[in-house]
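Remarks on the structure that follows.
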2 protein chains.
Amino acid sequence: MFENKDSERTTLEQLGEFGLIDHLTRNLKPLQQGTIKGIGDDAAILQFKKGQVGVSTDMLVEGVHFDLGYTPLKHLGYKAVVVNLSDIYAMNMQPTQLTISLAVSNRFPLEALEELYEGITLASQIYGVDVVGGDTTSSNKGLIISVTAIGQGEKENVVYRKGAKENDLLVLSGDLGGAYMGLQVLKREQEVFKVNPQHQPDLEPYSYLVERQLKPEARKDIFELLAALDVHPTSMIDISDGLSSEILHLCKSGNVGCNVYEEKIPLDPTVISACEEFKLDSSLVALSGGEDYELLFTIDQKEFPKIKGNPNLTVVGHITDQASGAHLISRNGSSIPLTAQGWNAFGQQ
Amino acid sequence: MFENKDSERTTLEQLGEFGLIDHLTRNLKPLQQGTIKGIGDDAAILQFKKGQVGVSTDMLVEGVHFDLGYTPLKHLGYKAVVVNLSDIYAMNMQPTQLTISLAVSNRFPLEALEELYEGITLASQIYGVDVVGGDTTSSNKGLIISVTAIGQGEKENVVYRKGAKENDLLVLSGDLGGAYMGLQVLKREQEVFKVNPQHQPDLEPYSYLVERQLKPEARKDIFELLAALDVHPTSMIDISDGLSSEILHLCKSGNVGCNVYEEKIPLDPTVISACEEFKLDSSLVALSGGEDYELLFTIDQKEFPKIKGNPNLTVVGHITDQASGAHLISRNGSSIPLTAQGWNAFGQQ
């Protein structure tokens with residue numbers, strides 16, 4: 001039906017709501033044994049053999065969370081899935097199913113939604129989750145994506161934001177600031193493009209940063225590593241809004257304080273050089289940048305030998321008592337109270 | 001913080017994203033034993049003792065699915081919950097939890113979202129479900145609501161769209177067309193109001209219709225009745241898009257045909273009189289109107305004695321073989337092929 005690439009673009013009206021859902025989800029084959037019935041009934045039917053179920057939901061709005069001026073639709077679909085899976089991994093649970101709802105304005109032809117679904121399909125295959133439901137409707141303006149992720153885990157393995165205890169170590173996966181600097185690079189190129197549409201951007205030196213922004217990954221590998229190392233975090237959260245904000249969540253939830261050491265915050269060399277280029281403080285970018293989707297967790301000190309020397313994990317600080325508060329210990333040794341300067345969807349309007 | 005009603009309206013920026021979620025959900029107390037952790041972590045944690053889990057999701061877009069010109073926000077919140085619960089009941093399952101995501105433009109003050117959440121809270125209390133998560137963000141235009149409903153049931157009790165067998169009876173709860181006629185009344189009043197803002201509408205004669213449109217209920221009572229009567233539907237769906245469209249779903253899913261008798265379609269007297277007033281064919285309204293959220297199901301003929309004479313249930317037809325197709329048998333005895341003329345989110349733009 002859509003093989004003739006030279007034909008006119010297919011409008012969503014031509015296909016209708018049910019035809020559209022059938023068409024977009026045609027490549028999605030269930031991978032999870034627990035998916036009894038996916039798309040095509042009033043509700044998906046799932047079976048969870050034992051343990052607990054995690055549910056997380058996120059809404060992404062064009063012009064607020066993403067800009068199609070520099071975000072390819074396939075990447076957007078991939079990212080929309082990944083950021084939700086990240087929330088399930090942050091509970092130390094295995095993501096198993098997703099629902100995807102879309103509201104799209106009529107300016108989007110079918111081919112645009114196909115691209116978006118290519119990214120959704122790719123992410124669901126890579127992470128082994130099933131898209132079991134969704135809704136596709138029209139919007140008055142732009143594209144809105146709502147994703148709900150479902151996961152499962154044994155009760156004793158589920159890790160909450162609360163649970164950090166005094167003297168626990170604060171551990172971070174990967175490195176920070178890349179996604180934020182990738183966004184700065186993309187925004188700069190967009191401005192240049194507005195002035196000179198002939199300009200061919202050379203994003204090669206920034207490929208790590210741009211990929212961190214456009215095609216982030218959820219730390220499935222860290223979830224698996226923690227299980228393999230028999231490490232049981234006492235609390236965990238994923239870095240969506242910046243390290244500062246997430247540390248404060250752990251401290252508030254656990255009624256504890258913490259010291260975070262500026263010199264320990266892991267930064268990729270390309271983040272450091274981009275920060276120099278953009279005249280930004282790299283520590284501030286790591287603390288407030290957001291969208292890195294790394295995992296931040298606390299462990300009892302006696303678990304330290306299990307993670308010692310692991311290149312994927314960095315101890316960035318330790319938990320203190322609540323009265324001490326949450327502080328950044330700067331390179332010169334001064335203690336600075338941490339504040340949440342993460343991304344605020346309402347403040348940015 | 002918000003007790004001074006005379007103060008200026010609170011903007012969403014003042015509260016911030018986390019403050020907003022905390023504030024809106026402050027009256028929501030978990031009712032379900034299976035809700036281990038609700039709002040406040042990366043994911044909600046649920047426990048399902050046994051059986052299967054149903055998941056359904058819907059997105060409602062201002063200007064597409066609702067018009068705030070005649071839809072009070074409290075009713076909208078109530079309806080957004082109810083339409084999703086209806087999908088879970090249509091699987092013959094007990095709804096247990098919900099997630100609610102909102103995207104709102106800055107023209108909505110906090111007080112508007114409070115009203116919306118009043119309706120959400122009321123529905124969740126009446127139906128005994130927990131709001132366990134969600135996301136609240138800004139939109140560029142209007143209000144978008146995305147709801148995911150979760151339910152549970154024993155494997156042997158779950159009823160799918162497929163499963164209808166030849167000679168099964170086609171049964172409907174309640175009556176049809178009310179929601180559609182309520183919408184016509186509201187639209188007419190809105191037009192009158194545009195011309196004459198002093199006009200005081202008298203909606204009293206249309207109260208049933210307007211309530212069916214603005215404050216529909218999911219048929220929790222029918223779900224409970226079927227269990228009490230020990231009736232096991234062979235297939236089931238809820239009426240969101242009109243009887244015709246839903247019957248065709250059951251026939252297509254079950255590879256069967258059906259005969260539906262026009263004279264058996266249950267209509268409230270106020271629907272009939274409003275149809276006369278608006279010069280609409282009441283059968284067509286029932287077949288294509290939608291949004292009634294009644295349950296349509298099939299039962300084996302031997303179960304008929306269990307439902308016979310029940311004022312909540314009407315046998316509207318019977319299942320035939322697939323080759324015979326799906327037909328409406330009109331009052332004069334002619335057989336008319338059923339077509340899906342239900343609501344199409346894309347066709348209405």
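The values are calculated or read from the model by the stated rules, or taken from the named source; none is laboratory data. As the structure is a computational prediction, the values presented were derived from the model and not from experiment. Because the Cβ atoms are built from the backbone with ideal geometry, glycine has one as well, and the counts that use them run over all protein chains shown. Calculation scope for accessible area: heavy atoms of the full protein, side chains included, ligands and nucleic acids excluded. Shrake-Rupley method; radii C 1.70, N 1.55, O 1.52, S 1.80 Å.
Going by the structure shown, is B:ILE239 at negative phi and away from chain A (no Cβ under 12 Å)? In short, no.
Only residues that are out of contact with any Leu (no Cβ under 7 Å at 6 or more places or on another chain) and buried (at least 23 other Cβ atoms within 10 Å of the Cβ) were counted in the stretch A:104-128, giving 2. From the set of residues in the stretch B:81-98 that are outside any helix (DSSP H, G or I) and either within 11 Å of chain A (Cβ to nearest Cβ) or farther than 30 Å from B:LEU172 by Cα (or both), which is most open to solvent (accessible area, probe 1.4 Å)? Per the stated criteria, the residue is B:ASN92.
A:THR71 passes every criterion in (1) crowded, with 19+ Cβ neighbours inside 10 Å; (2) closer than 25 Å to A:VAL185 by Cα; (3) more than 8 Å from every other protein chain (Cβ to nearest Cβ) apart from (1). The residue that is nearest to A:ASN140 (Cα to Cα), counting only those in the stretch B:24-63 that are open to solvent by less than 20 Å² (accessible area, probe 1.4 Å) and within 17 Å of the chain's Cα centre (by Cα), is B:VAL61. Among the residues making up the stretch A:20-63, those that are in a loop (DSSP other than H, G, I, E, B), more than 12 Å from every other protein chain (Cβ to nearest Cβ) and not β-branched (Val, Ile, Thr) are A:ARG26, A:ASN27, A:LEU28, A:LYS29, A:PRO30, A:LEU31, A:GLN32, A:GLN33. Each residue in the stretch B:190-226 was checked for being assigned to a loop (DSSP other than H, G, I, E, B) and of a type outside the set (Asp, Glu), and 11 pass. The residues of the stretch A:170-221 that are aliphatic (A, V, I, L, M) and out of contact with any helix residue (DSSP H, G or I) (no Cβ under 6 Å at 6 or more places or on another chain), listed by number, are A:LEU170, A:VAL171, A:LEU172, A:LEU186, A:VAL192, A:VAL195.
Restricting the stretch A:215-256 to residues that are within 19 Å of the chain's Cα centre (by Cα), open to solvent by 20 Å² or more (accessible area, probe 1.4 Å) and not charged (D, E, K, R), which is farthest from B:ALA44 (Cα to Cα)? That would be A:LEU225. Restricting A:LEU113, A:LEU76, A:LEU122 to those that are part of a helix (DSSP H, G or I), away from chain B (no Cβ under 11 Å) and either within 16 Å of B:SER146 (Cβ to Cβ) or modelled with pLDDT under 95 (or both) reduces the list to A:LEU113.
Within the stretch B:253-275, the only residue that satisfies the criterion of being among the aliphatic types (A, V, I, L, M) and assigned to a loop (DSSP other than H, G, I, E, B) is B:ILE265. Does A:VAL131 fit the bill of being more than 10 Å from chain B (Cβ to nearest Cβ), buried (at least 19 other Cβ atoms within 10 Å of the Cβ) and either part of a strand (DSSP E or B) or modelled with pLDDT of 95 or more (or both)? In short, yes.
Here A:GLU291 passes the criteria (1) farther than 29 Å from A:LEU60 by Cα; (2) open to solvent by 20 Å² or more (accessible area, probe 1.4 Å); (3) in contact with a helix residue (DSSP H, G or I) (Cβ under 9 Å, 6 or more places away or on another chain) except the one numbered (1).
Filtering the stretch B:137-146 to residues that are touching a residue at least 60 places away in the same chain (Cβ under 8 Å), surrounded by 23 or more Cβ atoms within 10 Å (Cβ to Cβ) and within 9 Å of chain A (Cβ to nearest Cβ) leaves B:SER138, B:ILE144, B:SER146.
Can we say A:TYR160 is at the interface with another protein chain (Cβ under 9 Å from one of its Cβ atoms), within 29 Å of A:LEU313 (Cα to Cα) and outside any strand (DSSP E or B)? In short, yes. When B:GLN184 is tested against (1) within 23 Å of B:LEU296 (Cβ to Cβ); (2) assigned to a loop (DSSP other than H, G, I, E, B), exactly one condition is not met: (2).
Test A:SER101 against the stated conditions and say whether it is touching a residue at least 40 places away in the same chain (Cβ under 8 Å), small (Gly, Ala, Ser) and within 12 Å of another protein chain (Cβ to nearest Cβ). The answer is yes for A:SER101.
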